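Please treat every number below as a calculation from the coordinates, not as lab data. In this text the structure is predicted, and so the values were computed from the model without any measurement. When we count neighbours, we look across all protein chains shown, and the Cβ atoms used for this are built from the backbone with ideal geometry, even at glycine.
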Amino acid sequence: MTENTRNKFFVEDFEKLFKLLNKDENKDKNIDKKNIRLKRTFEDLARLSLMDATYNSGMVFNTECCKPHPVANMAYLSFIDRNMCKEQYPSVTLMERDAINWLASLFNNKNYSSVKDPLGYISSGGTVANIVAFWAARNKERLRGGKRFKIIVPESAHYSKVKIEDLLGLKCVSIPVDEETQIVNVEDVEKAIDDETLGIYATAGTSRFGLIDPIKEFSDLAIKHNLHLHVDAAFGGYILPFMKMLDNEVPDWDFSLPGVSSITVDPHKMGLCPLGAGAIIFRDESFIKAYRYKADFPKITNNSLEGSKCGGAVAATWAMQQYWGIEGYKNNVKNILSIIDYIKNSILSLEGVSLVLNPIPTNILGFDFGSNENNRIILEKLKQLGFQISGLRNNSGVRIIIHSHVKLEHARRIINCITELHNIIVKNKEELSFSSFDSVLNELKVIQGAEPLVFEEEE
């Protein structure tokens with residue numbers, strides 16, 4: 001989105017609000033002052049917004065989140081004033097039940113159809129959902145009189161593991177990943193299990209590479225040692241089931257494995273919902289009963305870590321499930337996979353370029369341009385062009401996330417830029433300097449419309 005387009009957006013919104021607030025202008029003697037403040041507020045919002053990249057720009061390749069679907073936005077705004085309280089807003093409670101049941105079915109949990117209440121809830125995000133998973137596990141352990149407090153966690157797991165450890169008083173035992181595969185060795189996990197081990201934290205779609213832990217083997221260990229196996233599918237939950245439906249090779253990772261106790265998923269990632277929509281789903285009611293509490297005033301039963309929650313997140317999640325359904329999400333993933341193949345094949349056709357990991361497990365690509373120095377230069381120059389993109393540890397590669405906001409023309413743009421930058425590196429192997437890029441960077445900036453935005457100081 002260009003600066004003019006962005007400003008037009010805010011001006012149009014301001015004009016609508018201006019008319020709304022001026023309906024009773026004759027009754028308000030201070031209307032002029034209010035209008036001046038309103039205009040200044042919106043001008044400041046427009047100016048501040050220019051600091052951020054937009055999904056429409058086609059320059060964002062580093063986020064697991066997405067541009068929300070218009071249906072999700074409309075549903076969110078329609079219920080933005082509703083709290084998650086069934087006594088006051090029963091509609092939100094009904095939508096949450098349906099949304100959780102939909103996800104439970106997607107993740108092969110057959111128990112949802114035999115219980116009255118949902119086997120989880122729509123949380124504010126994946127971090128909270130991960131905490132709740134082990135909150136339930138810890139409380140179940142306490143209820144049975146046990147004293148286990150350790151969790152086995154691959155080092156590739158999300159940083160919410162630190163908060164789980166700190167807030168719940170549990171100890172996370174970190175297991176290193178293999179340097180080549182970036183996956184933990186199952187034998188190392190089993191060796192770490194002892195009489196104090198409560199559970200295992202697994203991931204279906206790691207933040208760095210989109211990889212899937214050996215969850216089937218973890219499931220066997222969970223059953224063997226009576227452990228709580230939690231699967232963090234915040235990122236992968238809305239892509240892996242549909243990849244499998246499209247006949248891609250996806251290992252078992254969900255409730256189809258008998259050892260899986262809970263799953264986290266984020267509708268605000270691959271589910272195309274506005275931010276603030278996560279979810280936790282348990283295998284059965286016993287986990288929710290372990291942490292459920294009743295408040296004295298108001299007299300309500302709470303099944304979540306949060307107290308007040310915006311009903312908009314529930315409405316958005318439910319609306320997308322109803323509007324798109326399985327077929328809609330499957331087609332979305334199909335489109336994403338076609339863009340992934342196009343970018344992958346185009347960049348791999350360049351001399352000396354390879355994948356950091358192969359095969360591609362989800363929708364994260366990692367490219368190695370021949371050396372750590374080459375990777376550093378490519379990454380730095382792409383950022384100078386205005387791309388939102390990230391590198392891998394120690395400049396071991398350039399990381400690209402393909403989401404639904406990345407269209408074919410956006411893919412062509414980043415491919416063209418990477419190709420030009422790579423050609424300079426190959427051509428100037430012996431005497432490579434930053435000045436080698438000056439002319440092509442200027443040309444690409446004009447073509448891409450990626451000139452850095454500069455704010456003018458007000459007089």
Hz values of 3J(HN,Hα) by residue in segment 37-44 - Karplus curve (6.51, -1.76, 1.60), Gly and Pro given as x: 5, 5, 4, 5, 4, 5, 5, 5
Extended-chain gain in nm, criterion 0.36 nm per residue less alpha-carbon gap, Asn345 and Asp117: 77.4 nm
Efficiency of FRET from Cβ geometry, Leu167 and Lys39, R₀ 45 Å, rounded to 0.05: 0.55
Amide hydrogen neighbours beyond the local backbone of Ser156, cut-off 5 Å, H modeled: none
Gly205 long-range amide H proximity, modeled H, under 5 Å: Leu211, Ile212, Asp213
Ranked list, fewest to most other Cβ atoms within 10 Å of each Cβ, for Tyr76, Tyr329: Tyr329, Tyr76
Cα centroid of segment 124-184 to Cα centroid of segment 260-303, whole Å: 17
Neighbour net charge for Arg148 - beta-carbon separation under 11 angstrom, K R +1, D E -1: +3
R0 of 35 Å, Cβ-Cβ distance Glu285-Ser338: FRET efficiency to nearest 0.05: 0.30
Cross-link pairs beyond the 29 Å C-alpha cut-off, checked among Lys171/Lys383; Lys309/Lys383; Lys67/Lys334: Lys171/Lys383; Lys309/Lys383
Estimated distance in nm for a label pair at Val426 and Ser256, the labels positioned 7 Å out from Cα along Cα-to-Cβ: 4.1
Net charge contributed by nearby residues that have their C-beta within less than 13 Å of Phe255 (K/R +1, D/E -1): 0
For Gly120, distant residues with modelled amide H under 5 Å away: Phe282
Prolate/oblate/rounded label for segment 70-323 (Cα gyration tensor, a/c 1.5): oblate
Segment 175-234 - Debye-derived log10 I(q)/I(0), Cα point model, q = 0.17, 0.18, 0.29 Å⁻¹: -0.54, -0.61, -1.34
Nitroxide proxy distance, nm - points 7 Å out along Cα→Cβ at Ile80 and Tyr323: 1.6
Hypothetical label at Ser308: residues of segment 69-112 whose amide nitrogen lies under 13 Å (7 Å Cα-Cβ projection): 81-85
Cα shape, segment 218-306, gyration tensor, a/c 1.5 rule: oblate
Computed FRET value (nearest 0.05) for Thr301 with Arg376, which takes r as the C-beta separation and R₀ as 45 Å: 0.25
